[in-house]
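The values are calculated or read from the model by the stated rules, or taken from the named source; none is laboratory data. For clarity, every value in this text was computed on a predicted model and none was experimentally measured. Here Cβ is always computed from backbone atoms with ideal geometry, including for glycine, and neighbour counts include all displayed protein chains.
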Amino acid sequence: MKNSEPVLLKRVGKMTDPASVEEYVKLGGFEGIKKAISMDKEEILAEIDTAHVRGRGGAAYPMGRKWIHLYEMDHDTKYIVCNADEGEPGTFKDKVLLDRDPLSVIEGMLIAGYLFRSKQGYIYIRGEYRTIHKVFKKALEQAKAAGYLGKNIMGIEGFNYDINIVSGSGAYVCGENSALLNSIEGKVGRPRVKPPHLAEVGLYGKPTLVNNVESYACVPVILTEGGQTFLNYGTPDGGGTKLISISGHAKNRGVYEVKLGTKLKDILYSEEFGGGTSTGKEIKFVHFGGQSGPIGYLEDCDLEYSYEGLWNNGLAVGSGAIVVMDESVSIVEYLKSVMEFFAHESCGKCTPCRIGTTRAAELLKDFTTGRAKKGDLERLEKMLQHITFLSACGLGQSAAVAFQSALKHGREEFESLIK
Ligand SMILES: Cc1cc2nc3c(=O)[nH]c(=O)nc-3n(C[C@H](O)[C@H](O)[C@H](O)COP(=O)(O)O)c2cc1C
Ligand code: SF4
């Protein structure tokens with residue numbers, strides 16, 4: 001991480017066996033849970049809330065608020081679920097934690113298990129991550145053998161908690177938290193109607209916490225370093241560091257840890273991060289947060305990469321994906337492939353998303369094949385507005401985000417393709 005020590009990636013690359021409890025402990029592991037068991041439950045919650053972590057899966061919902069909501073639920077059975085589906089195209093940052101520091105994720109889930117008196121956690125790992133699945137399983141076994149999972153954890157009578165792995169099968173929509181719970185239950189992975197909130201009616205109808213891999217990895221750091229220190233790594237609106245995955249035409253593609261508030265220009269051009277393009281051509285546009293995120297142009301370069309900094313300018317951090325496209329790429333072609341992705345991944349439950357994304361992809365194809373007519377751009381805009389407002393889950397609701405943000409700057413490119 002530029003100009004400072006890594007926070008979440010501090011152990012990555014330093015362990016010969018990332019699943020080894022011994023190595024993890026030598027590098028400061030399990031200090032978070034040790035701290036947690038010495039604190040009042042309300043104190044733990046206060047630290048999490050102070051850190052002001054926005055959910056790292058993409059929706060940016062404040063973690064503290066979610067944890068307080070679940071804590072207030074008066075119920076004997078609560079479940080802890082980790083969303084490791086990582087299905088958003090261009091996003092590959094959770095993979096690094098799961099593969100190279102899995103015990104940090106386990107420790108975050110363990111602290112949640114302790115706080116909420118949960119007996120059972122689940123991690124839903126993307127099906128394609130087969131090797132990671134093995135590494136994570138080994139880390140769970142080692143944690144259990146060392147007394148950090150199972151019965152009477154760390155010698156505390158009645159602190160019984162275990163974590164099971166569930167494997168996804170490749171559907172993007174299963175990353176949506178309620179679809180993910182349905183999938184764990186063995187049902188078709190389709191989103192549920194909300195409310196009720198998952199903190200009230202979640203897995204098997206019981207109050208459930210669903211957080212992203214990176215969100216859980218923040219928890220031990222928050223408890224060892226303190227919520228205020230963690231907040232100070234970022235901005236008042238979103239604490240901590242953020243893992244980003246840079247791809248596309250960027251020269252230095254990969255996963256990096258950045259302080260929230262770093263200048264976008266630095267992320268795109270400095271050698272510590274993206275390093276400009278690998279093609280020698282200018283950057284034309286950047287897609288933030290995966291396919292469901294907005295598109296930014298070069299004039300956005302002076303912005304801060306932070307939740308507020310991007311939101312105030314119509315952009316978003318989302319999952320942390322940063323897809324860089326150079327000037328050889330047609331924005332219309334690009335948006336066509338984005339829409340084809342949504343049409344392919346729509347679960348089909350609601351008509352505006354099922355039919356709308358397919359029709360929108362067809363219309364976009366007309367633009368790329370010289371068949372677009374006068375009025376088609378307006379028709380497309382209207383159709384995408386309907387999909388946004390009438391869809392039941394985040395997939396349909398965000399299918400138009402890339403198009404709408406790109407149109408603000410790239411309208412002429414569309415108009416030039418109309419006969
Ligand atoms: C279609 C769709 C796919 C999603 N995929 C993921 C995913 O792969 N990983 C993830 O953590 N969150 C994903 N989310 C967000 C989750 O619904 C949820 O907000 C998240 O797991 C909550 O954890 P967080 O608050 O720690 O981010 C997805 C949402 C939607 C609508
Ligand atoms: S918006 Fe799309 S993905 Fe979401 S429930 Fe409706 S049809 Fe399924």
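Does TYR204 fit the bill of being within 12 Å of ligand 2 (Cβ to nearest atom), of a type in the set (Phe, Trp, Tyr) and not assigned by TED's automatic domain parsing to the domain that holds VAL338? Full working, then the answer.
On the way: within 12 Å of ligand 2 (Cβ to nearest atom): no; of a type in the set (Phe, Trp, Tyr): yes; not assigned by TED's automatic domain parsing to the domain that holds VAL338: yes.
In short, no.
Which ones in segment 346-365 are more than 6 Å from ligand 2 (Cβ to nearest atom) and of a type in the set (D, E, K, R)? So that I can check it myself, show each step before the final result.
Going through segment 346-365, the residues more than 6 Å from ligand 2 (Cβ to nearest atom) turn out to be 351-352, 355-365.
Matches in segment 346-365: ARG359, GLU362, LYS365.
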Filter result (in contact with a Pro (Cβ under 6 Å, 6 or more places away or on another chain) and crowded, with 18+ Cβ neighbours inside 10 Å) within segment 375-404: ILE387, SER391, CYS393, VAL401
Listing of helices (runs of 4 or more DSSP H) fully contained in segment 256-356 that carry 1 or more residues being farther than 19 Å from ILE246 by Cα: 307-311, 331-345
Residues being part of a helix (DSSP H, G or I), more than 16 Å from the chain's Cα centre (by Cα) and within 13 Å of ligand 2 (Cβ to nearest atom) - total across segment 164-191: 1
Scope segment 25-66; condition hydroxyl-bearing (Ser, Thr, Tyr), free of Cβ contacts under 8 Å to residues at least 60 places away in the same chain and either in contact with a Gly (Cβ under 8 Å, 6 or more places away or on another chain) or within 16 Å of ligand 2 (Cβ to nearest atom) (or both); matching residues: TYR61
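Residues that are touching a residue at least 24 places away in the same chain (Cβ under 8 Å) and away from ligand 1 (no atom under 16 Å from the Cβ): does segment 79-87 have at least one? Write out each step before concluding.
At the first step, the residues of segment 79-87 found to be touching a residue at least 24 places away in the same chain (Cβ under 8 Å) are 79-87.
Then drop every residue that is not away from ligand 1 (no atom under 16 Å from the Cβ), which leaves none.
The answer is no; no qualifying residue exists.
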Flag if ALA321 is within 30 Å of LYS187 (Cβ to Cβ), small (Gly, Ala, Ser) and within 16 Å of ligand 2 (Cβ to nearest atom): no
Odd one out for LYS10, checked against (1) under 30 Å from LEU395 (Cβ atoms); (2) outside the structural domain of LEU203 (by TED's automatic domain parsing): (1)
Residues of segment 192-228 classified as crowded, with 23+ Cβ neighbours inside 10 Å and part of a loop (DSSP other than H, G, I, E, B), total: 3
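Does any residue of segment 9-22 turn out to be assigned to a loop (DSSP other than H, G, I, E, B) and either among the acidic types (Asp, Glu) or free of Cβ contacts under 8 Å to residues at least 12 places away in the same chain (or both)?
yes
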Criterion (away from ligand 1 (no atom under 14 Å from the Cβ), in contact with a Ser or Thr (Cβ under 7 Å, 6 or more places away or on another chain) and modelled with pLDDT of 95 or more) met by exactly one of GLN120, GLN142: GLN142
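Return the only residue of ILE295, ILE331 being touching a helix residue (DSSP H, G or I) at 6+ places or on another chain (Cβ under 7 Å), more than 18 Å from THR235 (Cβ to Cβ) and crowded, with 23+ Cβ neighbours inside 10 Å.
Details: ILE331 fails: crowded, with 23+ Cβ neighbours inside 10 Å.
Checking each option against the conditions leaves just ILE295.
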Cβ pairs under 6 Å, 6+ apart, first in segment 393-416 and more than 17 Å from GLU333 (Cβ to Cβ), second at pLDDT 95 or above and among the charged types (D, E, K, R): CYS393/GLU176; GLY394/GLU176
Segment 84-101, residues that are away from ligand 2 (no atom under 16 Å from the Cβ) and either not acidic (Asp, Glu) or not in a loop (DSSP other than H, G, I, E, B) (or both): ALA84, GLY90, THR91, PHE92, LYS93, ASP94, LYS95, VAL96, LEU97, LEU98, ASP99, ARG100
Per-region count, segment 395-419, residues modelled with pLDDT of 95 or more, in a helix (DSSP H, G or I) and in contact with a Gly (Cβ under 8 Å, 6 or more places away or on another chain): 4
Residue under evaluation LEU384, criteria (1) away from ligand 2 (no atom under 16 Å from the Cβ); (2) outside the structural domain of GLY254 (by TED's automatic domain parsing); (3) out of contact with any strand residue (DSSP E or B) (no Cβ under 7 Å at 6 or more places or on another chain), criterion not met: (1)
Complete set of residues in segment 229-241 that are among the β-branched types (Val, Ile, Thr) and surrounded by fewer than 19 Cβ atoms within 10 Å (Cβ to Cβ): THR229
Matching residues in segment 359-377 - criterion: being of a type in the set (Gly, Ala, Ser) and either outside any helix (DSSP H, G or I) or farther than 21 Å from PHE341 by Cα (or both): GLY370, ALA372, GLY375
Test: SER346 is within 23 Å of LYS93 (Cα to Cα), of a type in the set (Ser, Thr, Tyr), within 16 Å of ligand 1 (Cβ to nearest atom) and buried (at least 24 other Cβ atoms within 10 Å of the Cβ): no
Candidate set from segment 142-156 (those that are surrounded by fewer than 17 Cβ atoms within 10 Å (Cβ to Cβ), farther than 13 Å from GLU22 by Cα and touching a residue at least 12 places away in the same chain (Cβ under 8 Å)); member that is nearest to the chain's Cα centre (by Cα): GLY150
